[in-house]
Every structure is written in structure tokens, then in C-alpha cells.
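The values are calculated or read from the model by the stated rules, or taken from the named source; none is laboratory data. In this text the structure is predicted, and so the values were computed from the model without any measurement. Every residue, glycine among them, receives a Cβ derived from its backbone with ideal geometry; neighbour counts consider all protein chains shown. Please note that ligands, DNA and RNA were not included when accessible areas were found on the heavy atoms of the full protein model with its side chains. Shrake-Rupley method; radii C 1.70, N 1.55, O 1.52, S 1.80 Å.
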Amino acid sequence: MLTKRIIPCLDIKNGRTVKGINFKQLRDAGDPVELAKRYADMGADELVFLDISATLEERNTTLEMVLKVAEHINIPFTVGGGISSIEDVDRLLKSGADKVSVNSSAIKNPELINALSNKFGKQCITVAIDAKEIDGEWIVHLAGGSIPTKLNMFDWAKEVESRGAGEILFTSMNNDGTKSGFANSALAKLSQSLNIPIIASGGAGTIQHFVAAFTLGQADAALAASVFHFNEITIPDLKRELQNKGIPMRL
Amino acid sequence: MNVVIIDYGAGNIKSLQFAFKRLGVAAKLTSIPEEISVADKVIFPGVGEASSAMEMLKKSKLDLLIPTLKQPVLGICLGMQLLCNSSEEGSTNGLGIFNTEVKQFSTVVKVPQMGWNTITNLKSGLFKNIKEDAFMYLVHSFYAVTNAQTIATTHYDLDYASALQHNNFYGVQFHPEKSGEIGAQLLRNFLTLE
């Protein structure tokens, strides 16, 4: 049976992981390779690297990092952040990334999704959607959730699927950073109206939140950052507990 | 050992090269027929769309070379699918090594299948030291119909052939290079095949 995926997300700047990461066992908590390896050993199903670099120079360092991760890690990983062209994707895939995630550039230029999907295959094109519920309507946001667009999230998700996205990474800005659980009703609606996998993101605080994302939210995968980085939830505990709740896991 | 990865422009093959490097083997990327013919082991990878991948093979005449190979050949993902008779993806013929068709998953399930699923009914030396129901990583929208050459099955939408073998030709739908230690074991097994 296809299992549900648990995905730690690492923020990357200048080829290094950022945000405090509290793994005492690590010699260098800023080393993405060491951290990625540790997550892979713990049973993470995939990894997402989100590049928050601001300069071209920093981005080139990220490419070198991707190459090193691919050399040492034997599970799939996605790279997102600042990707806006076929050339960007080509460079990342050639450096060994398995998938790329596009966000703002797809909103500004939806044709990009078609172009990427046709050139590289839908299996490696994830579209990330940041959305916020405002007066009962889910509105897509740009630039890490700070700028609202006119797009309804469900309409945009449908369009993204029809343009050839292979999966959707949905982050609820209402839930992100709150540790109060995932946006399960919106997740369920997305999952029912689309036929591609949905990754839930934003709001993970407890193991029960993951259970709800997979049951109520019908998510195919769940992504989290700080609960893993700060050891608040360990991946083996999480996966065992999800399995006990009847959610198929790779153990 | 002389291991080559056929480089015909279909997808990300860096990960495969790295997977062999982790096993201490320097696999060479090549599209040169002479280099492929003399290799001890041949990896036939591929991601992307079947009919365009087939066109790329024809352009480089690799479609004529591959079926004549005598050493162990491992088709991975789309590589495996192209070794079948035909594919519904772009309605293309395949290389006809595996006597089966490649079809699209129904919309009862999410497509592509993306993630870790189990392999069962394991029937080949390729799976030495790999247990029934081991997990492998898969990403695909099309599947090979089971036949007598099936050496592993996986369930998604239906039971399909997740690995096939005919003489020296092996094919796996999953990505051993991305399937953790179990995937590495499969690659190790492939390297020891005669």
C-alpha cells in the first residue's frame, strides 16, 4: 500500500541551514548534508530544501549544496525558493534534485508550469501555494505569504493541476507558525477536488495534528520544520504513532 | 567493474551516478554505442514522457543497440517501461523486450503515484537479501501490466508489475537510487549478476 509521507523542511541560505536547529548530536547544525542524512536515517520519507537566499551568489552556493546532498542522501528531495525559469530547474535537476517547487513565479507566469511539466515531466514539478483564509475565502498570497493576490486558492489549485503540476504543497498562512494544527477542512477540499497528491504544511505542533492532517485533511504527505528541528517530535515516534492510528507508514 | 548509465537526455541521472559512487563504483554516463556494448553492466534510466524518450532513443540509434546487449541491463522507471512492447503514454511502441503493455492508472487513485510502496512476490536474484513487502520509492503515472516475466508486484489502483526480467534484461519501476538502504542493496545485487 502506498504510505503517507513525512517531510522535514530545511530553510537554506548561502548553502547553509538557517533557523536554530537543536540537534546536540550534530557537529555542525548548519551543514545541510549532515542534517539531511540524520533525517534520512530517522525515517524521513522525503526532504524539502527551501532556498531563502537573496543574492545570485548565494544561489550558486545552493547549487553546490544540492550536489553535495544528492551525493550523500539516498531518499528523494525537493528544492524550492526563487525558481523562475526552465534554466533554473535544469540546473537544479542536473545537480541531483529530484523535484523542484515553484511558487510566486508560477503565479506571475502560469505558463511556466506547462513549460516545466512538458520539459521535465510532471513527476518533478511541485507547485507550492501559500494561502490565507480571509472572510471565509482562501486567497493565494505571494512572497512568503505577505502579499495577497486576487486568486481563490481552490481555483488556482485546479489550474495548477491542469497545467501539469505533479503535486501541490499547500501552506496555510493562518496556521503556519501557530503549532495549532493543519488547515484540515481546506486540505480535505483540495484533496477531494484534485487528482494529484497534496502535501500539508503549516501548523504542526503535536503528533495528533499529523493524525488529523491525514484523516480529516486527507493529505498525502505532511511537511513540518521546527517541531523536527527542535526535537519536539521525533520522526520514529511520529511514524509509529501514525501507524498505530491506522495510517499507512513506511517503518 | 565497468558500469555505464545510458545518457540519452531523459531526465536526472546524477542521482544514479551518485548511488553507484556510494557503492564504490564509478559509473560512466555515455551515449556512445561502443562504450555501452563493452560495459559489464548497463543502466537504462529515464524519467519524463515515453513517446519523446523513444524518439530520443531512435535519434541516437540506441533503440537498435539496446535489444542486442548481452550483459545485465537494468531499466529504471521510464527505462523499464520503454523495454515493454508499448506504452499508452503518447501511444508509442517500446523496445519489445518485456512482453507486456504500459497503461495509465485510472482516476480512482491520485496520479502520479508518488511515495513509498511495497514490493511483493519477489522472484529474482535481483532481490537477494531483500524481504517481501520491502519499501521502494516510486513516482509514476503509467504502469506495466503483470505477465510471466514479472519478478515483483506492487499494488496501486491494481496489482501491477513493479519489476520484470527477461534473460539478461531487468526492469524496475521504482527508483533504487532513491530507496534508502534497500534500494542500495538492489543495486549491489545487480552488480553481482552474471
Surrounding charge for residue B:72, neighbours by C-beta under 10 angstrom, Lys/Arg +1, Asp/Glu -1, total 0
Is the range B:1-115 best put as rounded, prolate or oblate by its Cα gyration tensor, with a ≥ b ≥ c the root eigenvalues, rounded for a/c under 1.5, and otherwise prolate when a/b is larger than b/c, oblate when not? oblate
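Roughly speaking, to the nearest percent, how much of the range B:3-192's 1.4 Å accessible area is carbon and sulfur?
Working: 3560 of 6960 Å².
Here carbon and sulfur together make up 51 percent of the probe-accessible area.
Which pairs, out of A:119/B:70; B:61/B:123; A:122/B:28; A:99/A:179; B:28/B:110, put more than 29 Å between their alpha-carbon atoms?
Details: A:119/B:70 32 Å; B:61/B:123 32 Å; A:122/B:28 27 Å; A:99/A:179 27 Å; B:28/B:110 36 Å.
A:119/B:70; B:61/B:123; B:28/B:110, as the Cα separations exceed 29 Å there.
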Please give every one of the aspartates and glutamates within straight-line cross-link reach of residue B:58, meaning a C-alpha to C-alpha distance under 16 Å, and leave out same-chain neighbours fewer than 8 residues apart. B:7, B:49
Could you work out which residue, out of A:206, A:55, A:126, moves most in a Gaussian network model of chain A, that is, has the largest mean-square fluctuation with Cα springs under 10 Å? A:55
What net charge is computed for the residues neighbouring residue B:41, neighbours being all others with C-beta under 13 Å from the C-beta of residue B:41, Lys and Arg scored +1, Asp and Glu -1? 0
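Over all distinct Cα pairs, what is the inverse of the mean 1/r for the protein assembly as shown, reported as the Kirkwood hydrodynamic radius in Å? Could the numbers behind the result be given before it?
Details: mean 1/r = 0.0454 Å⁻¹.
For the protein assembly as shown, the Kirkwood estimate is 22.0 Å.
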Assuming a ≥ b ≥ c are the square roots of the Cα gyration tensor eigenvalues, decide whether the range B:103-186 counts as rounded (a/c under 1.5), prolate (otherwise, with a/b larger than b/c) or oblate. oblate
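Pairwise over distinct Cα atoms, reciprocal of the mean inverse distance: report the Kirkwood radius of chain A in Å, one decimal place.
Numbers: mean 1/r = 0.0554 Å⁻¹.
It is 18.1 Å.
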Residues of the range B:91-116 losing 40 Å² or more of accessible surface, assembly versus chain alone, probe 1.4 Å, please list them. B:110, B:111, B:112, B:114, B:116
Highest-MSF residue in chain A out of A:46, A:161, A:57 [GNM, Cα springs under 10 Å]: A:57
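Based solely on its DSSP helices, what 222 nm [θ] is calculated for chain A when runs of n ≥ 4 H residues each add -39,500 (n - 2.57) and the sum is averaged over all residues, nearest 500 deg cm²/dmol? Don't jump to the answer; show the numbers that get you there.
On the way: 10 runs with 95 residues, N = 251.
Helix-only estimate at 222 nm: -11000 deg cm²/dmol.
Keeping all protein chains in place, calculate the accessible area per residue for the protein assembly as shown (probe 1.4 angstrom), answer in Å².
On the way: 17260 Å² over 445 residues.
Value for the protein assembly as shown: 39 Å² per residue.
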Using +1 at the Cβ of each Lys and Arg and -1 at the Cβ of each Asp and Glu in the range A:5-244, identify which of A:203, A:56, A:74 lies farthest towards the dipole's positive end. A:74
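How large, in percent, is the carbon and sulfur part of the accessible surface of chain A at a probe radius of 1.4 Å? Walk me through the numbers before you get to the answer.
Details: 4930 of 9900 Å².
Exposed carbon and sulfur together represent 50 percent of the surface.
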With charges set only on the Cβ (+1 for Lys and Arg, -1 for Asp and Glu), what does the dipole of chain A come to about its Cα centre, in debye to the nearest 20? 400 debye
Calculate one ³J(HN,Hα) per residue across the range A:37-45 by plugging θ = phi - 60° into the Karplus curve 6.51 cos²θ - 1.76 cosθ + 1.60, and present them in order as whole Hz with x for glycine and proline. 4, 5, 5, 4, 5, 6, x, 4, 8
How compact and how long is the range B:3-192, expressed as Rg and Dmax of its alpha-carbon atoms in Å? 15.0, 45
GNM flexibility winner over chain B from B:93, B:121, B:85 (Cα, springs under 10 Å): B:121
Over what distance in Å are the Cα centres of the range A:181-226 and the range B:1-31 separated? 36 Å
Am I reading the A/B interface right? What is its buried accessible area, both sides, 1.4 Å probe, to the nearest 100 Å²? 2600 Å²
Counting Lys +1, Arg +1, Asp -1, Glu -1, what net charge surrounds residue B:179 among other residues with beta carbon under 15 Å of its beta carbon? -1
Can you tell me the length gained on complete extension of the stretch residue A:41 to residue A:159, counting 0.36 nm per residue apart and subtracting the Cα distance? 38.8 nm
Ordered by number, the residues of the range A:85-125 with at least 50 Å² less accessible area in the assembly than alone (1.4 Å probe) are A:123
